[in-house]
Amino acid sequence: ETRSTSLRCREAQMKRAHASVEQACGLAGSMAVVRNMLRTTISEVLFVRNLLPASSFEHVQMSGISMHGLTAKHERCDGASAVVDWMEHGVFDALEKRYLEKLVLLVSHDEEATDLIEAWVISVDWLSTEEGEEVHLTVSTGKTDPK
């Protein structure tokens with residue numbers, strides 16, 4: 001019950017923080033905000049689900065909301081290092097090259113993802129406006145199993 005409540009609370013907080021993406025000016029501002037939102041969203045899901053040791057995280061502020069981010073410290077575990085490497089050299093590279101359209105983070109009871117706990121879908125929209133290009137995020141969640 002407490003974990004499920006915590007997840008709902010964090011989801012609401014992340015949606016409020018994601019609203020700041022729509023206030024970003026221009027592509028450079030949008031890209032910086034999107035990178036931070038992706039990093040924070042993924043980190044927060046990993047933290048709330050206890051998928052990595054607490055020592056792998058540090059407190060960060062996002063739009064006035066205290067959240068957890070994967071730390072840049074070298075003491076983090078191999079799993080945290082792999083996630084950071086994936087984000088920095090995979091996700092952010094695809095974002096910079098404008099390839100990234102959708103990122104799906106599955107949390108499952110098993111490695112094959114046949115016993116799904118929840119799914120986070122982060123969609124990236126590339127927009128051309130009168131002011132220039134912008135990038136926007138939409139975050140949605142699927143099945144949430146409080147186990």
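What does the charge add up to near residue 60, with Lys and Arg as +1, Asp and Glu as -1, over the other residues with Cβ less than 11 Å from its Cβ?
Numbers: positive: 39; negative: 44, 58.
Charge balance in the 11 Å sphere: -1.
Of the GluC sites (Glu not before Pro) in segment 40-147, which ones lie in a loop per DSSP and count no more than 14 other C-beta atoms within 10 Å?
Working: sites: 44, 58, 75, 88, 96, 101, 111, 112, 118, 130, 131, 133, 134; in loops: 75, 101, 111, 112, 130, 131.
Taking segment 40-147 and a limit of 14 other Cβ atoms within 10 Å, the loop GluC sites (Glu not before Pro) found are 75, 101, 111, 112, 130, 131.
Among the chymotrypsin sites (Phe, Trp or Tyr not before Pro) within segment 79-147, which fall in a DSSP loop and have no more than 12 other Cβ atoms within 10 Å of their own Cβ?
Values: sites: 86, 92, 99, 120, 126; in loops: 99.
Passing both the DSSP loop test and the Cβ count: 99.
Please report, as a whole percent, how much of the solvent-accessible surface of segment 51-146 comes from carbon and sulfur atoms (probe radius 1.4 Å). Display every interim value, and only then the final one.
Details: 2870 of 5730 Å².
That fraction is 50 percent.
On a full-extension model of 0.36 nm per residue, what is the gain between residue 78 and residue 51, subtracting their alpha-carbon distance, rounded to one decimal in nm? If you can, show how the numbers build up before the last one.
Details: separation 27, 0.36 × 27 = 9.72 nm, distance 1.20 nm.
My answer for the length gained is 8.5 nm.
The values are calculated or read from the model by the stated rules, or taken from the named source; none is laboratory data. Since this is a predicted model, take the numbers as computed values, not measurements. Cβ atoms come from the backbone with ideal geometry, glycine included; neighbour counts cover every protein chain shown. Surface accessibility is based on the protein's heavy atoms, side chains included, excluding ligands, DNA and RNA. Shrake-Rupley method; radii C 1.70, N 1.55, O 1.52, S 1.80 Å.
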